[in-house]
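Beneath this line is the structure, given in structure tokens, with notes to follow.
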Amino acid sequence: MTCQHLVIVGAGFAGLWSAMAARRLIDLHKALSRERSIQVTVVAPEPELILRPRLYEANVASMRASLVELFEATDVVFVAARVGVIRPQDGEVDAVDSTGADITIPYDRLILAPGSRLARPNIPGLREHAFSIDQIKEAVHLEDHLRSLSKLPSTASRDTIVVCGGGFTGIELAAELPDRLAQIFGKDGNFRVVIVDRADVIGPELGDNPRPIIASALDELGVEMKLGSAVASIDASGVTLSSGERIDTLTAVWTAGMEANPLVKQLAAQRDGMGRVQVDRDLRIPTLPNVFVTGDAASVVTKEGGHLALQSCQHALRLGRAAGHNAAADLLGIEGRPYEQLNYGTCLDLGGWGSLITDGWERTVHQSGAGAKPIKQFINQTLIYPPPPDASAAFAAADPADDPPPVKAFL
């Protein structure tokens with residue numbers, strides 16, 4: 001009996017659920033897998049899931065969950081390494097392991113789930129002086145910096161936080177900051193939170209329906225908005241806008257725009273404007289039939305004639321299940337299941353004001369304010385966490401046929 005290798009690059013939401021879905025299907029078809037043994041291997045720097053949707057919150061260092069016991073329970077092999085080179089012509093990836101040694105990992109099917117990263121355009125001073133919450137180390141650095149501000153004398157630059165970007169992440173961070181700053185400086189602190197965005201409206205990608213509520217909530221929280229003016233430059237003591245206005249600050253946080261992990265640039269494949277690889281409904285690269293791409297690095301429609309999947313946890317969960325299922329099905333010689341995302345909802349955290357919940361791509365508002373906050377907390381504190389280290393529970397949760405209920409089902 002020969003052993004086939006299904007290798008998954010990345011241990012984020014899409015990578016984790018690719019592994020669970022693949023092992024689920026292999027377990028369901030034990031008779032076939034006896035004839036053709038399949039080893040599922042996850043390659044990532046650490047065996048942990050970073051809870052990236054929560055990095056705007058306080059106590060960010062705790063926003064991680066170990067995957068060691070879950071992988072052991074589900075017979076997933078973990079290799080602590082960082083992949084640097086993909087060689088589809090050889091069916092191999094080259095990586096550097098945790099000891100610094102170069103290793104080569106062979107595969108029969110490869111699932112790339114390397115995720116995305118914050119886009120950092122060539123704005124003077126951005127890389128040198130802007131904070132971010134894109135990765136957990138960066139979010140911890142920002143949190144430490146905010147706490148250190150209380151040791152400085154009160155000045156306009158110390159007391160002003162500029163959030164560069166008025167999209168989903170920028171809104172959640174800006175709405176969270178008033179409460180966090182009140183804890184740091186005291187409730188009578190003279191702090192100021194300002195959102196800057198080149199768009200003329202807040203949350204341009206969130207649509208017209210929820211926008212009045214978002215704007216009203218930010219106003220009640222005391223968050224200022226400077227819209228229609230891009231960031232021209234950032235330095236150690238302030239932000240200069242394209243309008244010529246300058247905002248003195250020691251804390252500029254860049255949140256504007258995402259792009260696919262540059263690892264996928266190595267592939268001879270079509271990519272979209274965010275660098276995501278265009279894949280078919282099985283999440284396979286048409287020109288590289290042994291390579292699947294999923295999560296934030298994949299550009300695919302949510303259903304026939306539907307919208308493009310978003311770079312979000314909600315889509316990554318289902319994209320991962322679909323990729324793992326289809327790659328394993330390919331090795332088992334059985335029919336796969338095209339990716340689809342029938343339900344879509346938005347749950348936006350608005351700090352001390354509450355939350356905003358919408359349903360569907362038209363983002364019909366179902367609930368907002370304090371009453372919606374427990375739903376956002378349930379999503380952040382329970383729903384996105386890995387399953388318990390039990391194969392039966394993990395495999396049940398990894399079924400790609402189970403579409404999650406729409407957000408309104410939680411109301």
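The values are calculated or read from the model by the stated rules, or taken from the named source; none is laboratory data. Since the structure is predicted, the reported quantities are computational estimates derived from the model, not experimental observations. Here the Cβ is made from the backbone with ideal geometry for all residues, glycine too, and neighbour counts use every protein chain on show. Calculation scope for accessible area: heavy atoms of the full protein, side chains included, ligands and nucleic acids excluded. Shrake-Rupley method; radii C 1.70, N 1.55, O 1.52, S 1.80 Å.
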- Hey, among the residues in segment 78-127 that are in contact with a helix residue (DSSP H, G or I) (Cβ under 7 Å, 6 or more places away or on another chain) and charged (D, E, K, R), which one's farthest from V162 (Cα to Cα)? D108
- Item | segment 52-67, residues that are polar (S, T, N, Q) and assigned to a loop (DSSP other than H, G, I, E, B) | N59
- Given (1) buried (at least 18 other Cβ atoms within 10 Å of the Cβ); (2) of a type in the set (A, V, I, L, M, F, W, C); (3) at pLDDT below 95; (4) over 21 Å from I133 (Cα atoms), number of the condition L206 does not satisfy: (4)
- Query: Just one of the numbered conditions (1) more than 30 Å from R147 (Cβ to Cβ); (2) basic (K, R); (3) more than 26 Å from the chain's Cα centre (by Cα) is not true of R276; which one?
  - Reply: (3)
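Residues checked against (1) touching a Ser or Thr at 6+ places or on another chain (Cβ under 8 Å); (2) among the hydroxyl-bearing types (S, T, Y); (3) open to solvent by 10 Å² or more (accessible area, probe 1.4 Å):
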position: D280; (1), (2), (3): no, no, yes
position: V300; (1), (2), (3): no, no, no
position: H307; (1), (2), (3): no, no, yes
position: H315; (1), (2), (3): yes, no, no
- Query: Which of the residues that make up segment 218-230 are open to solvent by 20 Å² or more (accessible area, probe 1.4 Å) and in a loop (DSSP other than H, G, I, E, B)?
  - Reply: G222, G228
- Need at least 2 residues that are open to solvent by 20 Å² or more (accessible area, probe 1.4 Å) per element, so show me which strands (runs of 3 or more DSSP E) inside segment 79-190 make the cut, counting only ones lying wholly within it. 92-97, 102-106
- Message: What's the number of the only condition in (1) open to solvent by 10 Å² or more (accessible area, probe 1.4 Å); (2) closer than 28 Å to K373 by Cβ that L16 fails to meet?
- Response: (1)
- Starting from segment 362-391, keep only residues that are over 24 Å from L55 (Cβ atoms), then list their pairs with residues that are basic (K, R) whose Cβ atoms are within a distance under 6 Å, requiring at least 6 positions of separation or different chains. H366/K408
- For segment 231-260, enumerate the residues that are out of contact with any strand residue (DSSP E or B) (no Cβ under 7 Å at 6 or more places or on another chain), surrounded by fewer than 16 Cβ atoms within 10 Å (Cβ to Cβ) and either on the phi < 0 side of the Ramachandran plot or part of a strand (DSSP E or B) (or both). D235, A236, S243, E245
- Item | Every pair of residues 6+ apart whose Cβ atoms lie under 6 Å, when the first sits in segment 207-227 and is touching a residue at least 60 places away in the same chain (Cβ under 8 Å) while the second is among the β-branched types (V, I, T) and in a loop (DSSP other than H, G, I, E, B) | I214/I202
- Query: In this structure, is I171 touching a Gly at 6+ places or on another chain (Cβ under 8 Å), among the β-branched types (V, I, T) and within 26 Å of A256 (Cα to Cα)?
  - Reply: yes
- The lone condition A372 fails out of (1) buried (at least 20 other Cβ atoms within 10 Å of the Cβ); (2) of a type in the set (G, A, S); (3) more than 19 Å from the chain's Cα centre (by Cα); (4) under 14 Å from A22 (Cα atoms) is (4)
- Item | From the options T364, T382, residue that is out of contact with any helix residue (DSSP H, G or I) (no Cβ under 9 Å at 6 or more places or on another chain), surrounded by fewer than 24 Cβ atoms within 10 Å (Cβ to Cβ) and of a type outside the set (D, E) | T382
- Message: Take the residues in segment 29-55 that are at pLDDT 95 or above and within 10 Å of A328 (Cβ to Cβ); name whichever of them is surrounded by the most Cβ atoms within 10 Å (Cβ to Cβ).
- Response: V40
